[in-house]
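The values are calculated or read from the model by the stated rules, or taken from the named source; none is laboratory data. These figures come from a predicted structure and were not determined experimentally. In this analysis, Cβ positions are derived from the backbone assuming ideal geometry, glycine residues included, and neighbour counts consider all displayed protein chains.
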Amino acid sequence: MYNETVMDHFQNPRNTGEITDADGVGKVGSAECGDIMIMYIKVKDNRLVDVKYKTFGCAAAIATGSIASEMLMGRTLEEAEKLTSEEIADALFGLPEKKLHCSLLAPDAIKAAIADYRSRSTSESFSV
Ligand code: FES
């Protein structure tokens, strides 16, 4: 069902876990299956310097979180927000049709983590 690249990221997922002092955290759920992904980011000079994720999802969710974390590392926040599920599926050399919805979790999670980072930065600048 899955190709070799997907299996590799599923069996040896990169950047899994939590960043305890994250600058932003995004938690999203899939409307289709109810699975969850949480993404943690560290930001320096408007760039992602660390990205980690956890998912309570299927093999495709694990693989897409893994490759997305690699693709996101070093991107500016604006570039990171542009990551699409199609780019993720392409980087994995394709996903089975019925698993395409799983690749929506990572783009949604990174957008939520960046929104969280921005809301923290805004509230910090007003908390004098
Ligand atoms: Fe839920 Fe894949 S079936 S994320």
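Looking at (1) loosely packed, with under 14 Cβ neighbours inside 10 Å; (2) assigned to a helix (DSSP H, G or I); (3) within 11 Å of the ligand (Cβ to nearest atom), can you tell me which one Asp90 breaks? Condition not satisfied by Asp90: (3).
Scanning for something of a type in the set (Lys, Arg), over 13 Å from the mean Cα position of the chain (by Cα) and farther than 15 Å from Gly17 by Cα, does segment 40-47 turn up at least one residue? Within segment 40-47, one or more residues are of a type in the set (Lys, Arg), over 13 Å from the mean Cα position of the chain (by Cα) and farther than 15 Å from Gly17 by Cα. Considering segment 13-51, the residues that are free of Cβ contacts under 8 Å to residues at least 24 places away in the same chain and over 18 Å from Leu105 (Cβ atoms) include one that is surrounded by the most Cβ atoms within 10 Å (Cβ to Cβ), namely Lys42. The residues of segment 1-12 that are more than 16 Å from the chain's Cα centre (by Cα) and crowded, with 17+ Cβ neighbours inside 10 Å amount to a single one, Tyr2.
Listed by first and then second residue, the pairs linking a residue in segment 62-79 that is farther than 12 Å from Ser103 by Cβ to a residue that is part of a helix (DSSP H, G or I) and small (Gly, Ala, Ser), with Cβ atoms under 9 Å apart and 6 or more places separating them unless they lie on different chains, are Ser69/Ala106; Glu70/Ala91; Leu72/Ala80; Leu72/Ala106. In segment 89-110, the residues that are more than 25 Å from Ile19 (Cα to Cα) form Cβ pairs under 6 Å with partners that are modelled with pLDDT under 95 and not in a helix (DSSP H, G or I), at six or more places apart or across chains, as follows: Pro96/Met1; His101/Glu32.
Quickly run through segment 93-102 and pick out the residues that are of a type outside the set (Asp, Glu) and within 13 Å of the ligand (Cβ to nearest atom).
Leu95, Pro96, Lys98, Lys99, Leu100, His101, Cys102
Which members of segment 13-41 meet the condition of being touching a helix residue (DSSP H, G or I) at 6+ places or on another chain (Cβ under 9 Å) and more than 16 Å from the ligand (Cβ to nearest atom)? Explain how you work it out, then say what you get.
The initial filter retains those residues of segment 13-41 that are touching a helix residue (DSSP H, G or I) at 6+ places or on another chain (Cβ under 9 Å), namely 13-16, 22-33, 35-41.
Matches in segment 13-41: Arg14, Asn15, Ala22, Asp23, Gly24, Val25, Tyr40, Ile41.
Is it the case that some residue within segment 109-116 is within 15 Å of the ligand (Cβ to nearest atom), buried (at least 18 other Cβ atoms within 10 Å of the Cβ) and charged (D, E, K, R)? Checked against the condition, which is being within 15 Å of the ligand (Cβ to nearest atom), buried (at least 18 other Cβ atoms within 10 Å of the Cβ) and charged (D, E, K, R), segment 109-116 yields no hits at all.
Take Ile67 and decide whether it is more than 26 Å from Asn3 (Cβ to Cβ) and either out of contact with any helix residue (DSSP H, G or I) (no Cβ under 6 Å at 6 or more places or on another chain) or more than 13 Å from the ligand (Cβ to nearest atom) (or both).
No: the conditions fail for Ile67.
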